[in-house]
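Working notes for the structure below.
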Amino acid sequence: MVWCICVPDSLELLSKSVQKLCACGPQTWADRHLQLSAPGHRQSPIDIRTEEAQIDPKLARKPLRWNYPKETVELVNTGYCWKAHVHGEGSVLEGGPLNSKYELEQYHCHWGENDKVGAEHLVNGQSYAAEIHFVNWNKKYGSFNESLKYGDGLAVLGVFLKVGKENPELNKLCKLTSGIKYKDQASAFKDALDPSKLLPARGAYYTYLGSLTTPPCNECVIWIVFRDPIEVSPQQLEAFRKMSSLEKDCCVPNQNGQILNNYRPPLPKEDRVVKVGFL
């Protein structure tokens, strides 16, 4: 007997118990969305074990660098997370593990129901409260959609968020979340938010070959996850959790659709090597 005949992409509309019973949670997305030609051996996120990560001297020969636009255009409630749109033309991410130039497409965030969970990547089995992803596409393929077809098509920067003091730059974004409470609502930025100010200026990063963490889970990502987190306040994280996965006029009874756990759990690293580079 098949009990689960329709699986929403938003985790908020499907309890963890039902996901487990029906085998339709985020762990199964690769099987559901990948074609047979993609064996699913480089899925993301993973648990980064620092004792297994290898320092790669080659990464120092061409330091990782980025030149991003100085402002963010619009914030959107996708029904799954907030997504920040930018005018990425002319932006560049290069160096480190990358052999091409990449252009910033957007950035978005994953978080949990409390301050102890929410980041997609784990470090030695431990989670941060949230994780921002800066999604960049390989300019040699001509477009974002075309880049999804190739193993080096995307480069995603991952930044951990830990609970601490208020982040002034991120506060420019948090002030907009009340105006995009419901799915598909959008708001233009009133104060210029420089995405580069949400990235660490120094320190180490982990890099490995992986995938998108949401359907269709394309195995097209070179991941670059920064070791050092940025600080955000509990109130800033709570602003994310007040967002809803439902449309404003949705009539689901007794449901507010709060986006509380929009992260994918870690998947097997298999035989992949996680390398360490430095800014």
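On the stretch given as the range 40-85, residues that are in a strand (DSSP E or B), among the polar types (S, T, N, Q) and under 17 Å from PHE278 (Cα atoms) total 1.
A Cβ distance below 9 Å, combined with a sequence gap of six or more or placement on separate chains, defines the contacts here; from the range 158-171, residues that are closer than 12 Å to TYR128 by Cα reach residues that are among the aliphatic types (A, V, I, L, M) and part of a helix (DSSP H, G or I) in the pairs VAL159/LEU198; LEU161/LEU170; LEU161/LEU237; VAL163/LEU237. For the range 201-229, taking the residues that are of a type in the set (Ser, Thr, Tyr) and closer than 17 Å to LEU161 by Cβ, the one that is surrounded by the fewest Cβ atoms within 10 Å (Cβ to Cβ) is identified as TYR206.
One line per residue, one yes/no per condition, for (1) closer than 23 Å to GLU146 by Cβ; (2) touching a Leu at 6+ places or on another chain (Cβ under 9 Å):
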site: GLY40; (1), (2): yes, yes
site: ILE48; (1), (2): no, yes
site: GLU52; (1), (2): no, no
site: ASP56; (1), (2): no, no
site: THR72; (1), (2): no, yes
site: LEU75; (1), (2): no, yes
site: TRP82; (1), (2): no, yes
site: GLU94; (1), (2): yes, yes
site: HIS110; (1), (2): no, no
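Here is the figure for the range 180-225: residues that are over 21 Å from GLY88 (Cβ atoms), over 19 Å from the mean Cα position of the chain (by Cα) and among the charged types (D, E, K, R) total 2. What is the residue count in the range 138-177 for residues that are in contact with a Ser or Thr (Cβ under 9 Å, 6 or more places away or on another chain) and either of a type in the set (S, T, N, Q) or surrounded by fewer than 20 Cβ atoms within 10 Å (Cβ to Cβ) (or both)? Total satisfying the criteria: 13. It is to be established whether one or more residues within the range 230-249 are exposed (fewer than 13 other Cβ atoms within 10 Å of the Cβ), charged (D, E, K, R), within 27 Å of GLY96 (Cα to Cα) and touching a residue at least 12 places away in the same chain (Cβ under 8 Å). No, the range 230-249 contains no residue that is exposed (fewer than 13 other Cβ atoms within 10 Å of the Cβ), charged (D, E, K, R), within 27 Å of GLY96 (Cα to Cα) and touching a residue at least 12 places away in the same chain (Cβ under 8 Å).
In summary, ILE180 fulfils each of the numbered conditions (1) of a type in the set (A, V, I, L, M); (2) surrounded by 15 or more Cβ atoms within 10 Å (Cβ to Cβ); (3) in contact with a Phe, Trp or Tyr (Cβ under 9 Å, 6 or more places away or on another chain); (4) closer than 30 Å to ASN138 by Cα with the single exception of condition (4).
Taking the range 66-118 as the range and being β-branched (Val, Ile, Thr) and either modelled with pLDDT under 95 or farther than 22 Å from SER187 by Cβ (or both) as the test, the residues that pass are VAL92, VAL117.
Consider the range 183-208. How many of its residues are part of a strand (DSSP E or B) and either closer than 24 Å to VAL221 by Cα or touching a Gly at 6+ places or on another chain (Cβ under 7 Å) (or both)?
Going through the range 183-208 one residue at a time, the tally reaches 6.
Of the residues making up the range 106-132, those that are free of Cβ contacts under 8 Å to residues at least 40 places away in the same chain and not hydroxyl-bearing (Ser, Thr, Tyr) are GLN106, HIS108, ASN114, LYS116, GLN126.
Of all residues in the range 103-147, those satisfying the criterion of being among the aliphatic types (A, V, I, L, M) and in contact with a helix residue (DSSP H, G or I) (Cβ under 9 Å, 6 or more places away or on another chain) are LEU104, ALA129, ALA130, ILE132, VAL135. Restricted to strands (runs of 3 or more DSSP E) entirely inside the range 98-175, those with at least 1 residues that are among the acidic types (Asp, Glu) and closer than 14 Å to LEU198 by Cα are 130-138.
Contact map, the range 267-279: residues that are touching a residue at least 40 places away in the same chain (Cβ under 8 Å) paired with residues that are of a type in the set (Val, Ile, Thr), Cβ distance under 6 Å, separation 6+ or inter-chain. Pairs shown: LYS269/ILE46; VAL274/ILE48; LYS275/THR207; VAL276/ILE55. Filtered by the rule that a residue be on the phi > 0 side of the Ramachandran plot and crowded, with 21+ Cβ neighbours inside 10 Å, the range 82-105 gives a lone residue, GLY96. Considering the conditions (1) assigned to a strand (DSSP E or B); (2) of a type in the set (Val, Ile, Thr); (3) over 16 Å from GLY96 (Cβ atoms), THR213 is excluded by exactly one of them, (1).
The values are calculated or read from the model by the stated rules, or taken from the named source; none is laboratory data. Note that this is a predicted model, so its numbers are computed, not measured. Please note: Cβ atoms are built from the backbone with ideal geometry, for glycine as well, and neighbour counts cover all protein chains shown.
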